[in-house]
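The structure under discussion appears below in the form of structure tokens.
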Amino acid sequence: MIFETERLQVRKLISEDLLSFHKMQSNPNVMRYADGEVQTLEAHAIELSALISKYSLPENDFWIYAIERKEDHFFLGTMALVKDGDDDEIGLRFLEEYWNFGYGAEICLSLLQYCKQIGITKIVASVVDLNKASAKILKRLGFKQVRIFINKEMHLPETKYELYL
């Protein structure tokens, strides 16, 4: 386990996550604020395997973890902590049926504490402007808007936020 909240825990992805991972990644509503791409089960199996293999790389700077409920270890989504140039960037993605349960804010708050523990001093997050729920979480946690731009893949307005820890 990487860290936990009152209701959730964050852990490394495992191959048994494939069906839930695929369900999340193949949902157009989930992906519309990410890259918009919906892939096949086979493509997601390759992607999941690649993400898992990164855990053992000595210079890894691309961490994608599973988010699960503590009570039953059910996979709810993923959390990213990745390098974007000089920045440490965070991201969350949940299965659609678990939106609006407060999980995003709960994980994000504990993620900030985890980042402090491992020595990260500044976090960034980029959110497509149509994704009001994610922007609301970041603002509530004290993130400041630093740049507005057009996302190159989706051609949508996006805002970059940052928070000094």
Q. Identify, please: which residue in the stretch 127-153 is of a type in the set (Val, Ile, Thr) and in contact (Cβ under 8 Å) with a residue 24 or more places away in the chain and is, among those, farthest from Met1 (Cα to Cα)?
A. Val128
Q) What's the number of the condition Gly85 fails, among (1) closer than 18 Å to Cys115 by Cβ; (2) touching a residue at least 12 places away in the same chain (Cβ under 8 Å)? A) (2)
Q) Restricting attention to the stretch 5-15, does a residue exist that is over 27 Å from Gln113 (Cβ atoms), surrounded by 15 or more Cβ atoms within 10 Å (Cβ to Cβ) and among the charged types (D, E, K, R)? A) no
Q: Output the qualifying pairs, or none if there are none: Cβ atoms under 8 angstrom, residues six or more apart or on different chains, first residue in the stretch 111-126 and within 15 Å of Gly91 (Cα to Cα), second residue of a type in the set (Ser, Thr, Tyr).
A: Lys122/Tyr164; Val124/Tyr161; Ala125/Ser134; Ala125/Tyr161; Ser126/Thr159; Ser126/Tyr161
Q. Is there any pair with a first residue in the stretch 31-48 that is touching a residue at least 60 places away in the same chain (Cβ under 8 Å) and a second that is among the polar types (S, T, N, Q) and surrounded by 14 or more Cβ atoms within 10 Å (Cβ to Cβ) whose Cβ atoms are under 6 Å apart and which are 6 or more apart or on different chains, and what are they?
A. Tyr33/Asn131
**Q.** Some residue of the stretch 152-165 being polar (S, T, N, Q) and either buried (at least 18 other Cβ atoms within 10 Å of the Cβ) or at pLDDT below 95 (or both)
**A.** yes
Q. Limited to the stretch 82-106, what total is found for residues that are among the aliphatic types (A, V, I, L, M) and in contact with a Gly (Cβ under 8 Å, 6 or more places away or on another chain)?
A. 3
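The values are calculated or read from the model by the stated rules, or taken from the named source; none is laboratory data. The model shown is predicted, which means the values in this text are computed figures rather than measured ones. All Cβ positions, glycine included, derive from the backbone under ideal geometry; neighbour counts span all protein chains shown.
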